[in-house]
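Below is one structure, written out as structure tokens, with a few remarks after it.
The values are calculated or read from the model by the stated rules, or taken from the named source; none is laboratory data. Source: prediction; values computed, not measured. Cβ atoms come from the backbone with ideal geometry, glycine included; neighbour counts cover every protein chain shown. Just the protein is used for accessible areas: all its heavy atoms, side chains included, with ligands, DNA and RNA removed. Shrake-Rupley method; radii C 1.70, N 1.55, O 1.52, S 1.80 Å.
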Amino acid sequence: MIIACWSGPRNLSTACMYAFGARSDFTVCDEPFYAAYLAVTGLQHPMRDAILATGETDADLVARACATPPPKGHCYQKHMSQHMVEGFDRSWFAAASHVFLIRHPVRVLASYAAKREAPTLDDIGFLQQAEIFNQVRDAGLPAFVIDSFDIRAATEPALEALCAALGIAFEPSMLSWPPGGHDSDGVWAAHWYDAVHRSTGFAGPEGALPDLPGSLQPVAQAAMPAYDMLRRHRLRF
């Protein structure tokens, strides 16, 4: 099985990758389209040069790799929805089961802005995530939505529900991992993954929504329709 997990940044995506990476039957892949995305868009992201130097910039080669089953067991691919830019081959979608990991836009923006100044709607991937979800559903491919808020509020039941939807057995090993990161981390982990590197499992329930500066409130409002649409399809347990 190939699982393609789609999210935006600051969305519990690395912790979920670590959860699947803690299983004995999964390999994991961290944002395989990142270098191709930067090469095509020209965006100036933290550690851009290192990402381009260490990653595959040919999106066709990345797509081919994403469609290739692992030699044994299963593969979990962590994808940023905004990386799947127009013109990238999407035929590989048919080879995967798709998970859509969502988080309230206010929480995403509050976390993202602490790492990269003045995030835009395109940076946080909500519109792209909704578009990919609709494409996958229209094609009749497996598509499951799970909210990071629900995972943090009830981790084991949430992961059990996700595994059941995917048709795999839940493993308790998914609930914890060693501190310090994973062998499959992208080079960008040095900038983005400090908190999850200190963790040994999912954090507890989230509190009230944080306050956003006025400059980011229009971005959150613009992302809400996509979030609300996806949330209506979320797994319930």
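Points worth noting:
- Relative contact order (%) - the range 45-188, alpha-carbon pairs under 8 angstrom, separation at least six: 28
- Result for the chain in a Gaussian network model with C-alpha springs under 10 Å: among HIS98, HIS83, HIS182, the largest mean-square fluctuation is at HIS182.
- Listed peptides 124-132, 88-96 by packing density, highest first (mean Cβ within 10 Å): 124-132, 88-96
- The value given for the range 122-237 is a Kirkwood hydrodynamic radius of 16.7 Å, derived from the mean inverse Cα-Cα separation.
- Gaussian network model of the chain, springs between alpha carbon atoms under 10 Å - residue of ALA220, ALA139, ALA208 with greatest fluctuation: ALA208
- Built amide H within the under 5 Å cut-off of ILE102, gap 5+: ILE146, ASP147, SER148
- Distances between placed amide hydrogens fall under 5 Å for ALA143 paired with HIS98, all partners being 5 or more residues away or on another chain.
- Evaluated with a Cβ-only charge set (Lys, Arg +1; Asp, Glu -1), the chain carries a dipole of roughly 420 debye about its Cα centre, given to the nearest 20.
- Of the trypsin sites (Lys or Arg not before Pro) found in the range 53-83, those that fall in a DSSP loop while having at most 13 other beta-carbon atoms within 10 Å are LYS72.
- For the pair LEU61 and ALA208, label points projected 7 Å from Cα toward Cβ lie 5.1 nm apart.
- Over the chain: Rg over Rh, Cα atoms, Kirkwood Rh: 0.92
- Take every pair of alpha-carbon atoms less than 8 Å apart whose residues are at least six positions apart; their mean separation over the length of the range 137-198 yields a relative contact order of 21 percent.
- 3J(HN,Hα) along the range 181-188: x, 10, 4, 8, 4, x, 4, 5 Hz, from the Karplus curve 6.51 cos²θ - 1.76 cosθ + 1.60 with θ = phi - 60°, whole Hz, x for Gly and Pro.
- Label-point gap, in nm, between GLU156 and SER24 - each point 7 angstrom along Cα→Cβ: 2.0
- Using the Karplus relation 6.51 cos²θ - 1.76 cosθ + 1.60 with θ = phi - 60°, the per-residue 3J(HN,Hα) values for the range 94-107 come to 5, 8, 10, 9, 10, 10, 10, 9, 10, 8, 4, x, 5, 5 Hz, with x marking Gly and Pro.
- Carbon/sulfur fraction of accessible area - the chain, other protein chains in place, 1.4 Å, %: 53
- In order along the range 34-44, the phi-based Karplus estimate (6.51 cos²θ - 1.76 cosθ + 1.60, θ = phi - 60°) of 3J(HN,Hα) comes to 4, 5, 5, 4, 5, 5, 6, 7, x, 5, 9 Hz; Gly and Pro are listed as x.
- Surface analysis of the range 130-237 yields an accessible area of 51 Å² per residue, using protein heavy atoms and a 1.4 Å probe.
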